[in-house]
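Undergrad: Can you keep this structure in mind? I'll have questions shortly.
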Amino acid sequence: MEATGTDEVEKIKSKFMSAWHNMKYSWVLKTKTYFSRNSPVFLLGKCYHFKSDESGELSTDGSSFEQISTEISGNVEEFRKDFISRIWLTYREEFPQIKGSALTTDCGWGCTLRTGQMLLAQGLMLHFLGRAWIWPDALDIESSDSESWTTHTVKKLTASFEASLTAEREPKILSNHHKGTLKRNCGDNEMRNEVYHRKIISWFGDSPLAAFGLHQLIEYGKKSGKTAGDWYGPAVVAHILRKAVEEARDPELQGVTVYVAQDCTVYSSDVIDRQCSFMDSEKADTKAVIILVPVRLGGERTNMDYLEFVKGILSLEYCVGIIGGKPKQSYYFAGFQDDSLIYMDPHYCQSFVDVSIKDFPLESFHCPSPKKMSFKKMDPSCTIGFYCRNVQDFEKASEEITKMLKSSSKEKYPLFTFVKGHSRDYDFASSPLHEESDLFSEDEKKRLKRFSTEEFVLL
């Protein structure tokens, strides 16, 4: 009886916390982000120019288009479509209960897992759709104004609070925007792209069966001493993502692998071994690889000397973004203008979406407007991601990134390095590609424990 009473108390406590977090993280107005007309804007390797004869700023929500030339407004629109097409993964509420806890929301603690999901999603988009892909409905979700967002939020808060207290599921408040994708006369290629678009999002659904959903990531995190409700650092999330991709059983995902740098070092032979690790000997192609590099850009604060390097990374076609943020608040960095980083913010609580149903609504998985933050506010702890489609791509990327590392390093020691050979050649324990019973080797567990306290060796 005592145990049952304790469980009930925990459930009530969880529901009150859920209601509080929903209030805290749902009160988000649609704020405008202003961009300079005279500086290029970079977004995951693509460059956009908003240059005009007049100096000043313009908003990406379309409010300043009247005074801009057709060419420039077209470029702004292309940027908006590109940004909105990226997959946005945020706090969710009222999803299936996380195993071993009473939690049905990740509000307040899951932001780094969400930014890690966004980085992985971008890698998968490059793999299946290509960098040029744009969601055809991208601009359709941009129609809501501040008033409608506020009204929606008030309704959502009331419904959420009542549902949390009465233990009922929150009634869904849907926007007037169409559900699912509009039926249009489209070719086979567009239909194929839409299938993959939905499939990629479904892999990140908030259910226990989703390959890269929160439930699965938390299970892998338990191997490094993390539980649901804990705060996860960028380095730990990198290792969790690697395990999630390794353990994924969907045949579509067998052509992708993830490599995590060891102590700020990428061992080229280890990466190529992963790319050539197809069990089916009939397969001639190598795997695509997503390389994750946990780094620290300074001591207690970010060192401004790393600004040019971070900008250089985000301007590369191989880049899939950065898991970073401000202290104890994770953001997904995807671009920059001048000395400001462009990011997607996971700190917005949205309703659970069942991605297993046909034509589930897509709009809540795409961010309607970008945000900007000064580089000097960035937390020094972050994880940088790259995507390489094959071995040739990896070799080319490693050469380009190495040149950038050398040119941006004022000291003799770059932020991270690419070296030839295997990690075992340098007296490091090399984890096998296919482990048996335990998900993490003893060496990995030690490394993860160190990463969980964010202790890095500063060169």
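The values are calculated or read from the model by the stated rules, or taken from the named source; none is laboratory data. Everything quoted here is computed from the prediction, not taken from an experiment. So basically every Cβ, Gly included, is an ideal-geometry build from the backbone, and we count neighbours across all protein chains shown. SASA here: full protein model, heavy atoms, side chains in, ligands and nucleic acids out. Shrake-Rupley method; radii C 1.70, N 1.55, O 1.52, S 1.80 Å.
Undergrad: At a threshold of 8 angstrom on Cα-Cα distance, excluding pairs fewer than six apart, so keeping six or more, what relative contact order does the stretch 314-431 reach in percent?
TA: Over the stretch 314-431, the number comes to 24 percent.
Undergrad: Another question about this same structure. Under unit Cβ charges (Lys, Arg +1; Asp, Glu -1), what dipole magnitude, rounded to 20 debye, does the stretch 240-391 have relative to its Cα centre?
TA: The dipole magnitude comes to about 500 debye.
Undergrad: Would you mind getting the accessible area per residue of the stretch 330-379, heavy atoms of the protein chains only, 1.4 Å probe, in Å²?
TA: It amounts to 32 Å² per residue over the stretch 330-379.
Undergrad: I'd like the trypsin sites (Lys or Arg not before Pro) in the stretch 204-281 restricted to DSSP loop residues with at most 10 other Cβ atoms within 10 Å, sorted by number.
TA: When the trypsin sites (Lys or Arg not before Pro) of the stretch 204-281 are filtered for loop state and at most 10 Cβ neighbours within 10 Å, ARG249 remain.
Undergrad: Round to a whole number: what % of the accessible area of the stretch 263-389 belongs to carbon and sulfur, probe 1.4 Å? Spell out each step's value before the answer.
TA: Values: 2050 of 4610 Å².
Carbon and sulfur: 45 percent of the exposed surface of the stretch 263-389.
Undergrad: Between their Cα atoms, which of LYS199/LYS403; LYS326/LYS420; LYS46/LYS99; LYS81/LYS406; LYS32/LYS376 are more than 31 Å away from each other?
TA: Correct reply: LYS199/LYS403; LYS326/LYS420; LYS46/LYS99; LYS81/LYS406.
Undergrad: Counting other Cβ atoms within 10 Å, which trypsin sites (Lys or Arg not before Pro) in the stretch 290-373 have at most 13 and lie in a DSSP loop?
TA: ARG301, LYS328, LYS358
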